[in-house]
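Peer 1: Sharing a structure here in structure tokens format.
The values are calculated or read from the model by the stated rules, or taken from the named source; none is laboratory data. The model shown is predicted, which means the values in this text are computed figures rather than measured ones. Cβ sites come from the backbone with ideal geometry, for glycine too, and all protein chains shown count toward neighbours.
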Amino acid sequence: MIEFQNVTKQFPDGTFAVKDFSLVLPSHKVTVFVGSSGAGKTTLLRMINRMVNPTSGKVLIDGEDVAGLNPVALRRKIGYVLQATGLLPHRKIADNIASVPRLNGVPKSKAREEALILLDTVGLDRSLADRYPDQLSGGQQQRVGVARALASDPNILLMDEPFGAVDPIVRLELQDELNRLQGEISKTMVFVTHNIDEAFAIADQVVILRAGGEIAQVGSPAEILANPADDFVETFIGADKGKRTLHLQRREEDGVTLIVDAEGRPAGILGEDKG
Amino acid sequence: MQFFLDAFRWLLDPANYVAGGISPLPIQDRIGEHLWYTFVSVAIASMIALPLGLFIGHTGRGRQFVISFTGMMRALPTLGLLMALFLIIGATVPFTQAAFVASIIALVILAIPSILAGGYAGVESVDPQTVDAGRAMGMTEMQILLRIEIPLSLPLIISGIRAAVLQVIATAVIASYISLGGLGTVISSGIGLNDNERILGGAILVIALALVVDGFLALLQRLVTRRGSKEARPQNIDFRRRSFGSAAVAEEPVNERKRHVQSKK
């Protein structure tokens with residue numbers, strides 16, 4: 001469990017990245033911070049592994065204040081995936097994945113063996129182990145980034161817009177993969193994105209943020225869709241334009257029931273109820 | 001042309017390589033000295049400039065100060081510096097030692113700016129995202145430097161050293177002004193004897209030595225430009241006095257045009 005207690009981050013120029021932020025992130029669940037640029041999402045994420053230190057307030061992991069922990073040791077226990085992958089360009093894929101175990105003193109051959117298993121876990125072919133990062137596609141690099149974050153089997157996984165730089169199709173694929181993976185490994189995951197659809201696709205708990213890290217609404221995707229807290233949330237999730245309110249429309253010519261949005265644009269078809 | 005042939009004849013004369021010849025002979029001894037001065041001064045300069053350059057590149061601290069300071073160092077005339085140092089040091093230590101120490105200090109000061117620039121430019125050229133990733137996965141600052149920044153900036157670090165070596169080889173000639181060895185003695189004895197072959201021969205030796213050593217370092221640089229360190233590949237950064245480089249570039253189109261005009265005639 002990760003807990004933010006009245007956390008504030010103020011920059012030297014006086015502006016607040018995050019102001020008096022309090023929230024509990026449940027264990028083994030995916031919490032997604034979503035908001036526009038400058039909403040303090042990444043700042044909040046980076047406070048968990050002390051890449052950013054709060055000006056005031058506390059961040060607790062399982063009840064322990066991270067401010068009292070050695071940042072290097074803390075970071076080695078927390079997986080971190082970055083948007084730009086952050087793979088070390090001069091190291092082979094297997095060595096990249098093995099980075100943290102190697103820092104923790106795991107012998108080279110054992111670390112490599114584990115790296116190969118992790119390639120399987122994230123759905124990559126083992127033949128990529130001896131390639132270099134720039135020989136892989138963007139989607140493959142992101143999978144390697146995830147594998148590297150998982151390498152020391154951390155309880156917490158931080159993901160900072162990990163799928164922001166890949167094309168929409170690969171992005172959907174990676175989201176599915178992540179959901180599958182989370183079903184297997186069930187980590188406490190904190191995910192940052194500015195894409196609300198992505199947030200709904202992977203989150204157990206969605207945190208919609210306004211500028212300055214102010215919480216607009218917290219809830220499951222269903223709760224937020226059902227009861228947007230205010231105009232800001234409605235606008236953010238697209239409910240104000242009717243994007244989220246779908247209607248049924250029967251097509252007379254073939255008897256298919258279409259699902260359309262407020263503008264009458266088809267969003268899908270109505271299938272048979274399962275079971 | 002005859003002049004050049006004479007110089008090469010002098011260079012190829014086996015008598016000039018026989019041990020025990022009268023100074024500045026034999027030639028290979030002078031080459032050895034020249035390389036020794038170069039090695040010692042570049043090694044000392046590296047010991048000073050590399051840690052400093054890496055520190056500046058890693059922390060970003062003191063960059064402005066060092067840039068202006070090295071700019072000042074570059075403006076120092078090495079020959080004047082050598083004479084001043086020789087007089088100052090000569091007052092306390094014996095003549096031969098003073099000559100060596102003064103020469104080495106002058107050459108170290110000459111070599112420092114290029115090596116320093118290679119160090120911090122190299123580290124600064126490393127993608128900040130990569131460094132951030134290293135820190136986020138729990139590398140200590142020293143591990144970031146040793147495992148990420150230095151390997152990725154090695155090509156630029158070596159190109160800084162390369163520039164320094166070239167400058168030192170070319171400038172070490174002046175050591176003979178204070179009666180030290182090296183290839184400068186070949187040239188100055190040629191001047192003394194009014195022997196043009198010897199002057200040109202000495203100059204050719206300096207040039208050849210510079211080219212050979214530079215070629216060797218270029219090879220080394222290519223070897224360390226590992227796969228994946230693409231962004232750290234030298235981007236034609238000229239660590240020497242930049243004004244010369246840009247002047248040469250600016251001149252080129254003019255020459256080009258002249259040539260075209262001539263070829264039309």
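Peer 1: Can you go through A:72, A:52 and tell me which one is facing chain B (nearest Cβ under 10 Å) and under 25 Å from residue B:128 (Cα atoms)?
Peer 2: Matching residue, one of A:72, A:52: A:72.
Peer 1: Quickly run through the range B:132-150 and pick out the residues that are buried (at least 20 other Cβ atoms within 10 Å of the Cβ) and either at the interface with chain A (Cβ under 8 Å from one of its Cβ atoms) or without any contact (Cβ under 8 Å) to a residue 40 or more places away in the chain (or both).
Peer 2: B:133, B:134, B:135, B:136, B:137, B:138, B:139, B:148, listed by residue number.
Peer 1: Among the strands (runs of 3 or more DSSP E) contained in the range A:177-275, which hold 1 or more residues that are surrounded by 15 or more Cβ atoms within 10 Å (Cβ to Cβ) and of a type in the set (Lys, Arg)?
Peer 2: Details: elements: A:188-193, A:205-210, A:214-219, A:247-250, A:257-260, A:266-269.
So the answer is A:205-210.
Peer 1: Same structure, new question: Would you check if residue A:106 is in contact with a strand residue (DSSP E or B) (Cβ under 6 Å, 6 or more places away or on another chain), more than 25 Å from residue A:163 (Cα to Cα) and within 14 Å of another protein chain (Cβ to nearest Cβ)?
Peer 2: On the way: in contact with a strand residue (DSSP E or B) (Cβ under 6 Å, 6 or more places away or on another chain): no; more than 25 Å from residue A:163 (Cα to Cα): yes; within 14 Å of another protein chain (Cβ to nearest Cβ): yes.
No: the conditions fail for residue A:106.
Peer 1: Next question. Of the residues that make up the range B:118-131, is at least one away from chain A (no Cβ under 14 Å) and under 28 Å from residue B:29 (Cβ atoms)?
Peer 2: no
Peer 1: Here are A:123, A:138, A:164: which of them is surrounded by fewer than 22 Cβ atoms within 10 Å (Cβ to Cβ) and at positive phi?
Peer 2: It is A:123.
Peer 1: Turning to a different aspect of this structure: Do the conditions hold for residue A:174, that is, is it surrounded by 19 or more Cβ atoms within 10 Å (Cβ to Cβ) and either at pLDDT below 90 or part of a helix (DSSP H, G or I) (or both)? First the steps, then the outcome.
Peer 2: Numbers: surrounded by 19 or more Cβ atoms within 10 Å (Cβ to Cβ): yes; either at pLDDT below 90 or part of a helix (DSSP H, G or I) (or both): yes.
Against the criterion (surrounded by 19 or more Cβ atoms within 10 Å (Cβ to Cβ) and either at pLDDT below 90 or part of a helix (DSSP H, G or I) (or both)), residue A:174 qualifies.
Peer 1: Further question on the same structure: Tell me, please, whether a residue that is in contact (Cβ under 8 Å) with a residue 12 or more places away in the chain, touching a Ser or Thr at 6+ places or on another chain (Cβ under 6 Å) and surrounded by fewer than 18 Cβ atoms within 10 Å (Cβ to Cβ) can be found in the range A:54-71.
Peer 2: For the range A:54-71, residues in contact (Cβ under 8 Å) with a residue 12 or more places away in the chain, touching a Ser or Thr at 6+ places or on another chain (Cβ under 6 Å) and surrounded by fewer than 18 Cβ atoms within 10 Å (Cβ to Cβ): present.
Peer 1: Let me ask something else about it. Got a number for residues in the range A:144-161 being closer than 18 Å to residue A:30 by Cα, buried (at least 19 other Cβ atoms within 10 Å of the Cβ) and free of Cβ contacts under 8 Å to residues at least 60 places away in the same chain?
Peer 2: Residues meeting the conditions: 1.
Peer 1: Checking residue B:29 against (1) over 30 Å from residue B:159 (Cα atoms); (2) acidic (Asp, Glu); (3) under 26 Å from the mean Cα position of the chain (by Cα), which single condition isn't satisfied?
Peer 2: Among (1) over 30 Å from residue B:159 (Cα atoms); (2) acidic (Asp, Glu); (3) under 26 Å from the mean Cα position of the chain (by Cα), the lone unmet condition for residue B:29 is (1).
Peer 1: Of everything in the range B:4-38, what is aromatic (Phe, Trp, Tyr), modelled with pLDDT of 80 or more and farther than 28 Å from residue B:105 by Cβ? Give them in sequence order.
Peer 2: Residues satisfying the conditions are B:4, B:8.
Peer 1: Separate question: Would you pick out the residues in the range A:120-152 that are assigned to a helix (DSSP H, G or I), of a type in the set (A, V, I, L, M) and either more than 14 Å from every other protein chain (Cβ to nearest Cβ) or out of contact with any strand residue (DSSP E or B) (no Cβ under 9 Å at 6 or more places or on another chain) (or both)? Walk me through how you get there before you give the answer.
Peer 2: Let us first name the residues in the range A:120-152 that are assigned to a helix (DSSP H, G or I), namely A:120-121, A:126-130, A:133-135, A:138-150.
Filter once more, keeping what is of a type in the set (A, V, I, L, M): A:128-129, A:144, A:146-147, A:149-150.
Listed by number, the residues that qualify are A:128, A:129, A:144, A:147.
Peer 1: Right, another one. Mind listing whichever residues of the range A:183-195 are of a type in the set (Val, Ile, Thr) and in contact with a strand residue (DSSP E or B) (Cβ under 6 Å, 6 or more places away or on another chain)?
Peer 2: A:188, A:190, A:192, A:193
Peer 1: Yes or no: residue A:39 within 13 Å of chain B (Cβ to nearest Cβ) and at pLDDT below 90?
Peer 2: Spelling it out, it is not the case that residue A:39 is within 13 Å of chain B (Cβ to nearest Cβ) and at pLDDT below 90.
Peer 1: Now for a different question. Does residue A:49 qualify as being over 10 Å from residue A:209 (Cβ atoms) and in contact with a Leu (Cβ under 8 Å, 6 or more places away or on another chain)?
Peer 2: Working: over 10 Å from residue A:209 (Cβ atoms): yes; in contact with a Leu (Cβ under 8 Å, 6 or more places away or on another chain): yes.
Yes; evaluated as a whole, the condition is true for this residue.
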